[in-house]
Amino acid sequence: MSEEYNKALHTRLVSMRRELHEHPELSFQEFETTKKIRRWLEEENIAILDTPKLETGVVAEIKGREEGPVIALRADIDALPIQEQTGLPFASKTEGTMHACGHDFHTASIIGTAILLNRRKKELKGTVRFIFQPAEEIAAGARMVIEAGGLDGVSAIFGMHNKPDLPVGTIGLKEGALMASVDRFEILVRGKGGHAGIPNNSIDPIAAAGQIVSGLQSVVSRNISSLQNAVVSITRIQGGSSWNVIPDQVGMEGTVRTFQKEAREAVPKHMERMAEGIAAGFGAQAEFRWFPYLPSVQNDGRFLRAASEAATRLGYQTVPAEQSPGGEDFALYQENIPGFFVWMGTSGTEEWHHPAFTLDEEALIVAARYFAELAVIALETVK
Ligand SMILES: [Zn+2]
Ligand SMILES: [Zn+2]
């Protein structure tokens, strides 16, 4: 495409992104966003697939060579319950809702990719599917897309997250674990309530819980290999209702983040043993409950070369991607099919989910062009 064409497309993408930014919608409420995406694709005569199970979100396709493989490009479309504080002229018009994770940017960029690929159909050695996924922020949308058949027939999937700390034109690439698994736990410590002045007649669950909090800190340092990483955070602890009564139980909960499957399996086992053992030492009982939430984003090494080649062809920089302890439901697609997730530099001033989160819109055309190139190359790579 000519320089002029790219400039004109960039202008269109900026206005799309601003339109989305001004009217953010929360997870599974992206009805207007869905209508806009459909309209923009229809204006380009891009085929939209029938997905009756998806109330929000759009799945579209561009077919190149008929008998070739299908690859998917995914953009998430939802916003967050945050009051915007950017002061931008196109700031959110919806009280308490904001595109503070840049999913407006992801959506507009991938529409740009669709527009570009629609003009390069002849180069496509297969089909490119575009997944505009709802409800990433509550880690529910990817599951919904899969249930709706969005991955049917797809050989590989690609996606991105904007990265404020990388400059525009720089793309972070990494094979293997990129983003952490996200899991939740609850611990209920049961003792025996009684008079605070006569603790010897009670089993104090608060004393036991205090030791459990300390003990759990040693799981990462003593039970997990120094070559792996894990985070254990206890974020809520509740017990007691009065100054002179020993309560009969204490509840706590928190989250565990890991990057390796082994660590993800080992941490809860050690936590359970630790909690039960400490509680038993006090004559109390601890009940450990584990709620698996999201696996880690694991990039398939077979696509590292394609991901790098796409950047090189367009004159963009690549850097080794830094891991993020945040979660991404893109990981759920990767449980089904191989995939590759990249960091797209956006020269932002604030981190994701900050009320003053911004990005440099120059990154829109960069991302649109990058994924078009990547799709062309990936179709030659997958079998
Ligand atoms: Zn987010
Ligand atoms: Zn996000």
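The values are calculated or read from the model by the stated rules, or taken from the named source; none is laboratory data. Just so we're clear, the structure is a prediction, and the values are computed from it rather than from any experiment. Positions of Cβ are backbone-derived with ideal geometry, glycine not excepted, and every protein chain shown enters the neighbour counts. Just the protein is used for accessible areas: all its heavy atoms, side chains included, with ligands, DNA and RNA removed. Shrake-Rupley method; radii C 1.70, N 1.55, O 1.52, S 1.80 Å.
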| said: Test of understanding: what is the full-extension gain from GLU61 to GLU362, defined as 0.36 nm times their sequence separation minus their Cα-Cα distance? | reply: 105.8 nm
| field | Most to least packed among 219-228, 330-339 [average Cβ atoms within 10 Å] | value | 330-339, 219-228
| query | If Lys and Arg each add +1 and Asp and Glu each add -1, what is the summed charge of the other residues whose beta carbon sits under 14 Å from the beta carbon of ARG305? | reply | -2
| So how much slack lies between TRP243 and SER225, counting 0.36 nm per residue of separation and subtracting their Cα-Cα distance, in nm? | 2.3 nm
| query | Of the beta bridges DSSP finds with both residues in the chain, what % are antiparallel, to the nearest 5? | reply | 65 percent
| query | Per the helix-only calculation at 222 nm, which mean residue ellipticity applies to the chain, given -39500 (n - 2.57) for every DSSP H run of n ≥ 4 and division by its residues, nearest 500 deg cm²/dmol? | reply | -11000 deg cm²/dmol
| task | Report, to the nearest whole %, how much of the accessible area of the chain belongs to carbon and sulfur atoms, 1.4 Å probe, protein only. | result | 49 percent
| Could you give the Stokes-Einstein D for the stretch 181-294 in µm² per second, using the C-alpha Kirkwood radius, 10 °C, 1.306 mPa s? | 110 µm²/s
| note | Distance in Å, no decimals, from the C-alpha centre of the stretch 311-372 to the one of the stretch 91-170 is 10 Å
| field | Stokes-Einstein diffusion coefficient of the stretch 281-340, Kirkwood radius over Cα pairs, 37 °C, 0.692 mPa s, in µm²/s | value | 220 µm²/s
| task | Could you bin all the Cα-Cα distances of the stretch 226-289 into 5 Å bins starting at 0 and give me the percent of pairs in each, rounded to whole numbers? | result | 4, 14, 21, 22, 17, 11, 7, 3, 2, 0
| Over the stretch 250-363, what is the mean sequence separation of C-alpha contacts under 8 Å (at least six apart), divided by residue count, expressed as relative contact order in percent? | 21 percent
| message | Running a GNM on the chain with Cα contacts under 10 Å, which residue among GLY197, GLY345, GLY68 ends up with the highest mean-square fluctuation? | response | GLY197
| task | Give me the distance in nm between label points sitting 7 Å out from Cα along the Cα-to-Cβ direction at ASP165 and GLU19, one decimal. | result | 3.5 nm
| field | Label point at LYS269 placed 7 Å out along Cα→Cβ; residues across the stretch 288-304 whose backbone nitrogen lies under 20 Å | value | 288-296
| field | Relative contact order [Cα under 8 Å, 6+ residues apart], the chain, whole percent | value | 24 percent
| message | What number comes out for accessible area per residue over the stretch 181-294 if the probe is 1.4 Å? Units Å², please. | response | 54 Å²
| query | Counting only Cα, what are the radius of gyration and maximum Cα-Cα distance Dmax of the stretch 261-369, in Å? | reply | 20.4, 66
| field | Relative packing of 286-292, 132-138, which averages over residues the other C-beta atoms within 10 Å, highest first | value | 132-138, 286-292
| request: Could you quote the convex hull projected area for the chain, Cα atoms only and averaged over all directions, in nm²? | output: 20.9 nm²
